[in-house]
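**Student:** Below you will find the structure I want to go over with you.
Throughout, read-outs are computed from the coordinates displayed, never taken from laboratory work. Nothing here was measured: the structure is a model prediction, and the numbers come from that model. With ideal geometry, Cβ positions are generated from the backbone for all residues, glycine too; neighbour counts draw on all protein chains shown.
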Amino acid sequence: MSFHLRVCTPDKTFFDAPAESVVCPGLGGHFGVLSNHLPLIAGLTRGIVRIEEAGQSTFLVVDGGLAEVHGRSMDILANTVLVAPNAAIAEEKLNEILKEKNSLSPIQ
């Protein structure tokens, strides 16, 4: 059974379709969501969101945000979203974000 998933940034919607399962990088560790999940609000950290629907996987790299599950729907509101065609490229994009963030010098 599927539920409705929407993944957005302040500027754009990246995913707005049914999903059978979603795995997210939560602040306390990765967590999974299936249809009819109990209501949940969770902070997200930098990482990969894996979406499964009809045997197909979609990978999104997020840079923080918030996930909300309510009834048969889920919303992910992220600061940044990058779409990746597979898990390997998602890992590469995540590593690029991490390198970029680590190379920034603190504001004086």
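**Student:** Would you work out the charge dipole size for the chain about its Cα centre, treating the Cβ of every Lys and Arg as +1 and the Cβ of every Asp and Glu as -1, and quote it to the nearest 20 debye?
**Tutor:** Taking the Cα centre of the chain as origin, the dipole is about 160 debye.
**Student:** A further question on this structure: For a footprinting-style exposure proxy, rank Leu27, Leu60 by other Cβ within 10 Å, fewest first.
**Tutor:** Leu27, Leu60
**Student:** Now for a different question. Work through the residues other than His4 whose Cβ is under 10 Å from its Cβ and net out their charges, Lys, Arg +1 and Asp, Glu -1.
**Tutor:** Local net charge: 0.
**Student:** For the chain, what relative contact order do you get, as a whole percent, if you take Cα pairs closer than 8 Å and at least 6 residues apart?
**Tutor:** Value for the chain: 25 percent.
**Student:** Answer with one residue from Ala17, His4, Val61: the one whose Cα lies farthest towards the positive end of the charge dipole of the chain, charges on Cβ with Lys, Arg +1 and Asp, Glu -1.
**Tutor:** It is Val61.
**Student:** Helix 87-103 versus the longest principal axis of the chain: what is the Cα-based angle in degrees, 0 to 90, to the nearest 10?
**Tutor:** Helix 87-103 sits at roughly 40 degrees to that axis.
**Student:** Now, a different point. With a 10 Å Cβ neighbour count serving as the proxy for reagent exposure, in which order, fewest first, do Met74, Met1 appear?
**Tutor:** Ordered by Cβ neighbours within 10 Å, fewest first: Met1, Met74.
**Student:** Run through the DSSP bridge list for the chain and note the antiparallel percent, rounded to the nearest 5.
**Tutor:** 90 percent
**Student:** Full-extension gain between Asp16 and Asn102, please, as 0.36 nm times their residue separation minus the C-alpha to C-alpha distance.
**Tutor:** So the chain would gain 27.8 nm between Asp16 and Asn102.
**Student:** In what sequence, highest mean first, do 37-46, 9-18 appear when ranked by Cβ atoms within 10 angstrom?
**Tutor:** My ranking of the peptides, most packed first, is 37-46, 9-18.
**Student:** How large is ³J(HN,Hα) for each residue in region 50-57, as worked out from phi by the Karplus curve 6.51 cos²θ - 1.76 cosθ + 1.60 (θ = phi - 60°), to whole Hz, x for Gly and Pro?
**Tutor:** After applying 6.51 cos²θ - 1.76 cosθ + 1.60, I find 10, 10, 10, 7, 6, x, 10, 10 Hz.
**Student:** Something else about it: With Cα extents along the principal axes in Å in mind, check (i) 109, 47, 19; (ii) 60, 28, 25; (iii) 49, 27, 27 and report the label derived from this structure.
**Tutor:** So the structure-derived entry is (iii).
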